[in-house]
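Notes follow once the structure below has been shown.
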């Protein structure tokens, strides 16, 4: 072999070496991504996916496939030792991919309404304690005269882990206070923009006694945190972070969505967050037989019904 041919052969080898390294790294990343994908699918479909009798999943699948507007019931559940727990936070999230809009409506937990399946009126958050997610879904649908397509039940304790999994969130705080509670005792929630980690977020959404607006103020902060998590979670680009989020959700969340549903929502509905609005049902506090209730007028219920119908029509 001539010296010139030998040099060309060596040069080709030196070209192939970096190409092989790049190809190897690419395959490694793709392989890792596929591993994360498969792990996510396994976690969602085997641990988180819990269909319910109160929602026609075939109908919802069709609406999702056709990119129609959807209503999702969000429940933050405070589980206690020895009982089923109560829905500490209750919200209806409406998504419309046609005009890229999203609406989050809070239903105060003390709202007095008919508990479907029990035959009497009580606080709406007791529906979960009496009959779990099915009774909560039926009760909310009956109150607002709407159809719910999905539910997402989140253990409130898991909220802290979720925020830490996405490296914290940013909220705009409207009330200056120092936490005297369990989660971040002594932490100063200064007025203005705040960067919060998991435990600080729990303190932020739990406080109500120092808030002149009581549970209304707390519910507003819950909506802020949900919006912040949606924004931050949708922009997380790290595979490691996605894996962390999946692990947290697997341990703390139940939903009638399967993995294919979630993927479809991410692909076709994520732009809805670009036009986000929120609202809280209003009412008047009243003591009945020594128990505090929030009495919501028929006009207010009708207003909220129309808000949901408007965004999903």
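Every number here is computed from the coordinates shown, using simple stated rules; none is lab data. Since the structure is predicted, the reported quantities are computational estimates derived from the model, not experimental observations. Glycine also receives a Cβ, built like all others from the backbone with ideal geometry; neighbour counts cover every protein chain displayed.
Between residue 188 and residue 62, what is 0.36 nm times their sequence separation minus the Cα-Cα distance? Round to one decimal in nm. List each step's numbers first, then the result.
Working: separation 126, 0.36 × 126 = 45.36 nm, distance 4.79 nm.
Value of the extension gain: 40.6 nm.
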Subtracting the Cα-Cα distance from 0.36 nm times the residue separation, let me have the gained length for residue 157 to residue 45 in nm, one decimal.
38.1 nm
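Fewest to most neighbouring Cβ within 10 Å: what's the order for 305, 57, 188?
In increasing order of surrounding Cβ atoms, one gets 188, 305, 57.
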Using 0.36 nm per residue, how much length does the chain from residue 276 to residue 170 gain when fully extended, once their Cα-Cα distance is taken away?
36.6 nm
Placing each pseudo-label 7 Å from Cα in the direction of the beta carbon, residue 302 and residue 120 end up separated by a distance in nanometres of 3.0 nm
Taking neighbour counts of Cβ atoms within 10 Å as a proxy for exposure, in what order, fewest first, do 123, 303 appear?
303, 123
What ranking do 151, 183 get, fewest neighbouring Cβ atoms within 10 angstrom at the top?
183, 151
Using only Cα atoms, what is the ratio of the radius of gyration of the range 49-311 to 2.2 N^0.38 Å?
0.98
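Suppose R0 equals 45 Å; then what is the FRET efficiency for residue 292 and residue 38 from their Cβ-Cβ distance, rounded to the nearest 0.05?
0.35
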Express in whole angstrom the spacing between the alpha-carbon centres of the range 129-196 and the range 38-59.
22 Å
